[in-house]
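Data block below; observations after.
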Amino acid sequence: MTLVRYQGTETEYGIAVVGRPDFNPVLASSLVVNAYAADGHRRARWDYEEENPLRDARGFTQPSAHEPVPEEDVGLANAILTNGARFYVDHAHPEFSSPEVSNPRDAVVWDKAGERILEVAAERAGRMLPGGPGRVVITKNNTDGKGAAYGMHENYIVDRAVPFGQIVRQITPFFVTRQVMVGAGRLGNEHGLPDVPYQLSQRADFVEVEVGLETTLKRPIVNTRDEPHADPERFRRLHVIVGDANMSEVCTLLKLGSTGLLLSMVEDGFLPDPPAVDAPVSALHEVSHDLTCSRPVLLRDGRRVTPVELQWHYLEHAQRYCKEVAVDEVTKDVLAVWERILVALEDDPMSLDGVVDWVTKYRLLRRYVERDDLSWDHDKLKLVDLQYHDVRRDKGLYNRLAASGRVERVVAESEVRRAVTEPPEDTRAYFRGRCLAKYRDQVAAAGWDSIIFDVGKETLQRVPMMDPGRGGRVQVEELIDRCDSAAPLLEALQG
Amino acid sequence: MSEGERVRRQRPRQTEEEPGETSAADQVDTSDVDDLLDEIDEVLEENAEEFVKNYVQKGGQ
């Protein structure tokens, strides 16, 4: 059987206009989004009707929020793409929210497609900057190294019947240690520690609490936003904010694949009581600060285990679980990569050069340190740290390594190229993307769980899409192929 | 953890050497390293100090 889990990534990209440090980042982000989306067509609005980021998974709605939808974000550039993604401005960053996919390998494809879209968009925006042409740099990272953080969030649809507390208990030790396998790496730290010139995770130092609703301050290990963008009776969406944005496709596959497997085991009641970490937030920081990945974490029962051992706990259960329930190739790949990386981390983390982002970047930095006799706070190293994440394929350092075959890839570039314009075929993103491509002038607005059509009648017509798995190619391709405009499509859907 | 189960690594270490900063493998560079750094030097932003100074982001989510 296939282990289907609807999922996706949303990435806030770093943005800078070269040589113009005072350039307003909100304006720059808008220019980037608009440059990509501008083609003379009418633009569909984003439909906010079902959005409520203040609904809490613990069962209440936050009364006075720290995070209202910022006034300045309303009316900003906002595009819905034919691949089913949302491309817009959020918190002074261009954000690419991937379409819903059904498995972690597809998540890699559309996550990478997001990088390609940002690359094209930034290049176009540079040509039309107010005040004359210039260059817009876009980085897929999570911190500027000066105290600011911005997010890459993972989203997983989870069975509503699972008590949220069970997810929290099982996933917290997993998240505390997952970074050894999938951290993006960074120079420096947020704690003023002189002995931490480099660490595993971009995000870890910005995490302050174990569980919480907020995303821009007091960031939690487990985020409680309860906004499923789907039938709330059947689904919840686990909104994960603790992770790094990865350049490495292996890391993205493993990050989403291992987390999805953990959620499946929680849903099926397969896991024993978790190895509870004594002080998860400080443990998260400490794991990130240890390049040997061998410093033990204190458990509540007094035992000390390494981050890799904690990951073995989850992997061994996942291997057993998959013998019982799943045999699809993607899941097998995830298990194989998970095991291979844990073995390598125990033998020598540095052997993961070209596989895991934090190692690949660290090795590069070390070579500079050794060749040029640089101190770890040298600006050239900080530049390498940033430019590793530059989305340009000819200038971004990860991309240079990829072009010369020095990093391991998971998907073919032809798949990524296709995903820039085409939606996944087995989720509702297919319906969204194809409707945008074929009936764009009749789409008044669209959101994750609906499309609103304007076919010239007195009222707009809303098509709800409350199940992420419905609206795929099998269900709607023939219908869309047959309908030359939205009116017969709607008639057929209502008929 | 279920009763009797322990958190453990599945595989024995293949070497007693501590990984990371001091491991031998870490000191060994492959033969194309100089080529790699030369290639990267060609694409690095020209003024590292200025680029790094100007790279300031607003906080996000």
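Between A:D195 and A:F270, the modelled label-to-label distance comes to 4.0 nm, taking each label 7 Å out from Cα in the direction of the beta carbon. Shielding by partners for peptide A:291-303, expressed as the average number of C-beta atoms from other protein chains within 10 Å of each residue's C-beta, is 2.
Cut-off under 16 Å on the C-alpha distance; same-chain residues fewer than 8 positions from A:K395 excluded. Which lysines are left, in chain and number order? Once the sequence-local lysines are set aside, what remains near A:K395 is A:K140, A:K361, A:K380, A:K382.
Here the simple spin-label model places points 7 Å from the Cα toward Cβ, and for A:R303 and A:R20 these points are separated by 5.8 nm.
Need one value for A:305-316: mean number of C-beta atoms belonging to other chains within 10 Å of its residues' C-beta atoms.
Working: counts 4, 3, 0, 3, 5, 2, 2, 5, 7, 0, 1, 5.
Mean inter-chain Cβ contacts per residue within 10 Å come to 3.
Contact order, relative form, for the range A:190-326: 20 percent (alpha carbon pairs under 8 Å, 6 or more residues apart, mean separation divided by residue count).
Provide the FRET efficiency to the nearest 0.05 for the A:R320-A:R418 pair, computing r from the beta carbons and using R0 = 45 Å.
Values: r = 36 Å, r/R0 = 0.80.
FRET efficiency, A:R320 to A:R418: 0.80.
For chain A, the solvent-accessible area of protein heavy atoms averages 36 Å² per residue (probe radius 1.4 Å; ligands and nucleic acids excluded). Surface burial for A against B, with a 1.4 Å probe and both sides summed, reaches about 5400 Å² of accessible area.
Using the Cα centre of chain A as the reference point, and only Cβ charges (+1 on K/R, -1 on D/E), how large is the resulting charge dipole? Debye, rounded to the nearest 20. Display every interim value, and only then the final one.
Values: 61 positive and 79 negative charges, 177 e Å.
Roughly 840 debye, rounded to the nearest 20.
Rounded to the nearest 20, the size of the Cβ-charge dipole of the range A:425-494 about its Cα centre is 120 debye, with Lys and Arg at +1 and Asp and Glu at -1.
A straight Cα-to-Cα reach below 30 Å connects A:K323 with the lysines A:K255, A:K332, residues fewer than 8 places away in its own chain not being considered.
Across the residues of A:407-413, average count of Cβ atoms on other protein chains within 10 Å?
On the way: counts 0, 0, 0, 0, 0, 0, 0.
Going residue by residue through A:407-413 and averaging, the value is 0.
The values are calculated or read from the model by the stated rules, or taken from the named source; none is laboratory data. Please read these numbers as outputs of a predicted model, since none were measured by experiment. Heads up, the Cβs are rebuilt from the backbone with ideal geometry, glycines too, and the neighbour counts pull from every protein chain shown. Surface accessibility is based on the protein's heavy atoms, side chains included, excluding ligands, DNA and RNA. Shrake-Rupley method; radii C 1.70, N 1.55, O 1.52, S 1.80 Å.
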